[in-house]
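Reviewing the structure listed below.
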Amino acid sequence: MSTTTLTVWHYDTAMGAAAGEVRLKDLQQRGAVRVVDAITVTWVPGAEWPHVGHLLRQGPASIAKGTMLGALAGTLFLTPVAGVDGGAEVAALAHRLRDTGIDQAFLEEAKRRLTPGTSAMLVLSSEADLEVVGEFVERGLARGDVRLMHARLREDAPDALRALIKSASGGFGGIARSG
């Protein structure tokens, strides 16, 4: 049985996630990771909201709003609830994802790190050799432009993430939020 992992690669620049995509493809070619889903979240300076883009453009699931990570990113980064502070939003999302291996502290840190002028790549993978992935990411760590977070998910985590997709459909529009 393979372990499913959610990895968040945070970059200090809005274009950093694009470089991460190249690194991820190289890791896939080396057999160090099998990507289930991957998205970028880019927050260009001056934009009111970040933009969510999808990396796997294979088949009908290529639209970010129809993916597990698209729903997660949309809910985490694009849907402030009127009258509710950001901490309460994250707590509500963490509650919906309880028992997946994604906890409130992980979500809070992911949200805190994404600010205007930065970007992130979220990768849902199985059969990841985290040692090899870590060595690849360390190239960016030496320059100070990337930080890596990961959570090992429980076996039934994809079911909870699929439920999130159903509840988020139409809620954030999937790809980007306009001001």
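Annotation: amide H of Thr13 within the under-5 Å range of Ser119, sequence separation 5 or more or interchain, hydrogens built in the peptide plane. When the residues Arg113, Arg96, Arg154, Arg147 are ordered by accessible surface, computed with a 1.4 Å probe over the protein chains alone, the sequence from largest down reads Arg154, Arg96, Arg147, Arg113. For region 1-54, the share of accessible area belonging to carbon and sulfur comes to 55 percent (1.4 Å probe, ligands and nucleic acids excluded). Considering only C-alpha atoms, what is the centroid distance from region 29-56 to region 105-126, in Å? After rounding, the separation between the Cα centres reads 10 Å. With all protein chains in place and ligands, DNA and RNA left out, the 1.4 Å accessible area ranks Lys111, Lys25 as Lys25, Lys111, largest first. Available extension along the chain between Val132 and Asp26 is 37.0 nm, counting 0.36 nm per residue and deducting the alpha carbon span.
Ligands, DNA and RNA aside, Glu155 has an accessible area near 150 Å² when probed at 1.4 Å.
With each label modelled as a point 7 angstrom along the Cα→C-beta vector, the Arg96-Val44 pair spans 2.7 nm.
The values are calculated or read from the model by the stated rules, or taken from the named source; none is laboratory data. Everything numeric in this text was worked out from a predicted model, so none of it was measured. Neighbour counts run over all protein chains shown; Cβ positions are idealised from the backbone, glycine included. Each accessible area value is taken on the protein alone, full model and side chains, heavy atoms only, with ligands, DNA and RNA left out. Shrake-Rupley method; radii C 1.70, N 1.55, O 1.52, S 1.80 Å.
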